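The values are calculated or read from the model by the stated rules, or taken from the named source; none is laboratory data. These numbers come from a predicted model, not from an experiment. So basically every Cβ, Gly included, is an ideal-geometry build from the backbone, and we count neighbours across all protein chains shown.
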Amino acid sequence: MAKPYKRKKDRNRRDAKWIFKYVDEHGVRRTCTGYTDKQATQELADKLQLEANKRRDGLIDDNEIRLAEHRRRPIAEHIADYDAALRAKGSSDRHIKQTISYIEEAVGALSWETLGHIRADAFVGLLGDLRRGKNLSHRSLNARIIAVKAFATWCINHHRMTINPMSTVQKFNEAADRRKLRRPVDISVLNHLLAATESGPDRRGVSGSDRAMLYRVLAATGFRIGEARSLTPRSLQLDGSEPAIVVEAAYSKRRREDCQPIPVALAAELGLWANGRERDRPLWKIPDKVNLRWLKPDLRRARAHWIREVGDPGERRDRRESVYLKSEADDRRVIDFHAFRHGYITQLTSNCSNVPAAQRLARHSSPDLTLKTYSHVSLADERAVLDQAFPEAPPSQDEPVRQPLALTGTDGPVGRAPNTHHTGRSSTQSGAPRCTNTGASDDVSSGPFGSRNYGVSAPSCPLVHDHSQSAPRRTRTFNPLIKSQLLCQLS
């Protein structure tokens, strides 16, 4: 058993700390400094020696010891370790900066000092305060949820916590609170934009023809603006029958090399435009806030040209009141650089029924993202599909015209039921109304999907007969209670 002692020079000093020695689990003799109190130092020495013996005998799990050490560490140290892990993983600086800022925002607002202080209910309350106080959208709140939950999951995976306290936090429905909606850049908008940009002035040292080529590439590839920044002449593979543009894995959002096919016509124009440029220099010197400095002025110029195209004052007034070629509309639908990607994917899905091929060209991991988020369907598109699926066929010339059946003499006048009492050759008509089905086949001759009843003939009288009373004798009106004319006469 280890016994505390003091150095020879400190034996008469009451404020000097006691020292003890013990043998660790590896058989190494270690010297430790205890407390000024001898009894407390003796208890510490006994505890360390007992733990060392249990570790040597395999009675203590080292993971539990590390968990206890991590619980005592400040949470700021764990956040710093998570930052280093993200950088080692190869995440972009923008993603790391945003993620760490969201985690530090929650830690600072809720005064979390250690990992044991993390609580889901407090974090949900903070999200509610941010939503009411700063009027944050569901998308902004979900970004904070993703960041904090990813940090908690990382702590679990690296044995810093045993239970994930953020597992019960659910994300908000972003569709219920969309603050920014994009209008896809279709062919019409692209043509007006290219015409106005090519004849436009230089912006930030980049000519109008160079900006127009960037717009063409974005519209024909669906590249994000960060991916377009990384393109160099070395990225262009324009030779052969299958031209493509390669985005390196370091700049692709999914962190893999993407070889994006492009139309042959674009490859020819792009080859002439990029001829003579340095192989390793970017094709475009794209500035920060590129929407504000490039796209918005070019859209304003294109809209002004479009309005001046017409000479009629009324039509010109209508064009001024429309949102066509506006970067921001009154319905919060905007056109930015990411709208080129929306237009590209919308063009793919509207002209191609092969959803897996459209998904691969869009470089999406799920077809839901391709069809629900990036594919835009207008009312005109819905009407065109509906008319194609249910055509209103004209009446066939070969179809015979149906004639009404001639009266047989057993029925009364049209509009009255044959409730007749026969006495020899004479007959007496009752006043009961006749149940007819006139007009049931009026629309059948207009095709399988007519304009009024869509081919379904609805009878104008009920098909359920009243069986509560038996019909009189020798009555030819249908009644299921009458099994035979003989039974009717004997009744």
Subset of the range 30-55 [free of Cβ contacts under 8 Å to residues at least 12 places away in the same chain and small (Gly, Ala, Ser)]: 40
From 136, 127, 141, 190, residue being in a loop (DSSP other than H, G, I, E, B) and in contact with a helix residue (DSSP H, G or I) (Cβ under 6 Å, 6 or more places away or on another chain): 136
Residue check for residue 88: touching a residue at least 40 places away in the same chain (Cβ under 8 Å) and assigned by TED's automatic domain parsing to the domain that holds residue 151: no
Count of residues meeting criterion [without any contact (Cβ under 8 Å) to a residue 12 or more places away in the chain and in a helix (DSSP H, G or I)] in the range 102-124: 2
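Report, by residue number, each residue of the range 13-29 that is surrounded by 10 or more Cβ atoms within 10 Å (Cβ to Cβ), among the charged types (D, E, K, R) and touching a residue at least 12 places away in the same chain (Cβ under 8 Å).
17, 21, 24, 25
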Failed criterion for residue 184 (all others in (1) under 30 Å from residue 371 (Cβ atoms); (2) loosely packed, with under 15 Cβ neighbours inside 10 Å hold): (2)
Condition broken by residue 99, with the remaining ones in (1) part of a helix (DSSP H, G or I); (2) free of Cβ contacts under 8 Å to residues at least 12 places away in the same chain satisfied: (2)
Number of the condition not met by residue 292 [criteria: (1) closer than 18 Å to residue 222 by Cα; (2) in a helix (DSSP H, G or I); (3) of a type in the set (A, V, I, L, M, F, W, C); (4) within 31 Å of the chain's Cα centre (by Cα)]: (1)
Which listed residue is in the same structural domain as residue 202 (by TED's automatic domain parsing), in contact (Cβ under 8 Å) with a residue 60 or more places away in the chain and either of a type in the set (Gly, Ala, Ser) or farther than 17 Å from residue 362 by Cβ (or both), from 287, 261, 233: 287
Which numbered condition residue 193 misses (of (1) surrounded by fewer than 19 Cβ atoms within 10 Å (Cβ to Cβ); (2) assigned by TED's automatic domain parsing to the domain that holds residue 327): (1)
Single unsatisfied condition, residue 136 versus (1) over 26 Å from the mean Cα position of the chain (by Cα); (2) under 30 Å from residue 251 (Cα atoms): (1)
Qualifying residues in the range 120-155 (those that are at pLDDT 95 or above and basic (Lys, Arg)) - the one surrounded by the most Cβ atoms within 10 Å (Cβ to Cβ): 144
Residues of the range 1-12 satisfying the condition of being closer than 13 Å to residue 43 by Cβ and exposed (fewer than 15 other Cβ atoms within 10 Å of the Cβ): 1, 3
Enumeration of residues in the range 85-115 that are hydrophobic (A, V, I, L, M, F, W, C) and surrounded by 11 or more Cβ atoms within 10 Å (Cβ to Cβ): 85, 86, 96, 100, 103, 106, 107, 109, 110, 112, 115
Only one of 35, 22 that is in contact with a helix residue (DSSP H, G or I) (Cβ under 8 Å, 6 or more places away or on another chain), assigned to a strand (DSSP E or B), under 26 Å from residue 65 (Cα atoms) and not acidic (Asp, Glu): 22
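Working carefully through the options 73, 94, find the one that is closer than 30 Å to residue 25 by Cα and free of Cβ contacts under 8 Å to residues at least 60 places away in the same chain.
From the options 73, 94, the qualifying one is 73.
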The range 343-373 - residue that is modelled with pLDDT under 85 and hydroxyl-bearing (Ser, Thr, Tyr) and, of those, farthest from residue 173 (Cα to Cα): 353
Residue 252, sole failed condition from (1) buried (at least 18 other Cβ atoms within 10 Å of the Cβ); (2) at positive phi: (2)
Of all residues in the range 48-73 being surrounded by 13 or more Cβ atoms within 10 Å (Cβ to Cβ) and outside any helix (DSSP H, G or I), the one that is modelled with the lowest pLDDT: 60
Evaluation of residue 329 against (1) in contact with a helix residue (DSSP H, G or I) (Cβ under 8 Å, 6 or more places away or on another chain); (2) in contact (Cβ under 8 Å) with a residue 60 or more places away in the chain (one fails), failing number: (1)
Any hit, the range 307-319, residues being touching a helix residue (DSSP H, G or I) at 6+ places or on another chain (Cβ under 6 Å), surrounded by fewer than 19 Cβ atoms within 10 Å (Cβ to Cβ), in the same structural domain as residue 217 (by TED's automatic domain parsing) and among the β-branched types (Val, Ile, Thr): yes
